[in-house]
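S.K.: Mind having a look at this structure? Questions to follow.
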Amino acid sequence: MSALAPAATRLTAVQGELDPDALLNCPKKIRRLCDTERFDLPDHGFNSITLQLEHPLPWERLQEALTYLIANYSKQLVRLKGMVYTPGQDEPLLVQGTAGRLYPATRLPERTSDDGIGRLVIITRGEVKGLAEDLMAQLR
């Protein structure tokens, strides 16, 4: 991970125990950059793609498509995450993956803010042309 974020602070948790002050010890102030200052920002090298899934999809089809994505874009894929809906279920399904691994999906409790639209966020190293179209083709 140090190659992805060399300036990031690393914290160690032992059996899930972590000093809360270590997480909450933020810099003094975060200032908003003016639009004229934005050109000085370094290129972090990441790109994100957000897909909306208007209709529920069977988990098996989505799992196949995400497994395909992880296998075929493993060098560019950093992370994928999202909440999706499956037919016959009101509770959304939380999906997460990284390069090389799709984690088991988890059912989340239904919330009043749920709109039934699934959303996937895919984070890649650099821009990956055709990735979103390839994933959508796998979902058809």
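The values are calculated or read from the model by the stated rules, or taken from the named source; none is laboratory data. As the structure is a computational prediction, the values presented were derived from the model and not from experiment. A quick note on method: Cβ atoms are made from the backbone with ideal geometry, for glycine too, and the neighbour counts reach across all protein chains shown. Ligands, DNA and RNA are stripped out before the accessible areas are found, and what is left, the full protein with its side chains, is counted by its heavy atoms. Shrake-Rupley method; radii C 1.70, N 1.55, O 1.52, S 1.80 Å.
S.K.: Tally the residues that are closer than 21 Å to HIS55 by Cα and either loosely packed, with under 11 Cβ neighbours inside 10 Å or without any contact (Cβ under 8 Å) to a residue 12 or more places away in the chain (or both), restricting the search to the stretch 68-89. Outline the logic, then answer.
M.R.: Pass one, the stretch 68-89, residues closer than 21 Å to HIS55 by Cα: 68-69, 80-89.
Those left that are additionally either loosely packed, with under 11 Cβ neighbours inside 10 Å or without any contact (Cβ under 8 Å) to a residue 12 or more places away in the chain (or both): 87-88.
Selection size over the stretch 68-89: 2.
Matching residues to (1) farther than 19 Å from VAL78 by Cα; (2) buried (at least 16 other Cβ atoms within 10 Å of the Cβ); (3) touching a strand residue (DSSP E or B) at 6+ places or on another chain (Cβ under 7 Å):
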| position | (1), (2), (3) |
| --- | --- |
| GLY97 | no, yes, yes |
| ARG101 | no, no, no |
| SER113 | yes, no, no |
| GLY118 | yes, yes, yes |
| VAL121 | no, no, yes |
| THR124 | no, yes, yes |
| LEU131 | no, yes, yes |
| ALA137 | yes, no, no |
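S.K.: Find the residue count for the stretch 92-140, including only residues that are out of contact with any Gly (no Cβ under 7 Å at 6 or more places or on another chain) and part of a strand (DSSP E or B). Steps first, answer last, please.
M.R.: The initial filter retains those residues of the stretch 92-140 that are out of contact with any Gly (no Cβ under 7 Å at 6 or more places or on another chain), namely 92-94, 96-102, 104-117, 122-124, 127-140.
Narrowing the set further to residues that are part of a strand (DSSP E or B) leaves 93-94, 96-98, 101-102, 106-107, 122-124.
Matching residues across the stretch 92-140 total 12.
S.K.: All but one of (1) at pLDDT 75 or above; (2) open to solvent by 70 Å² or more (accessible area, probe 1.4 Å) hold for ARG32; which doesn't?
M.R.: (1)
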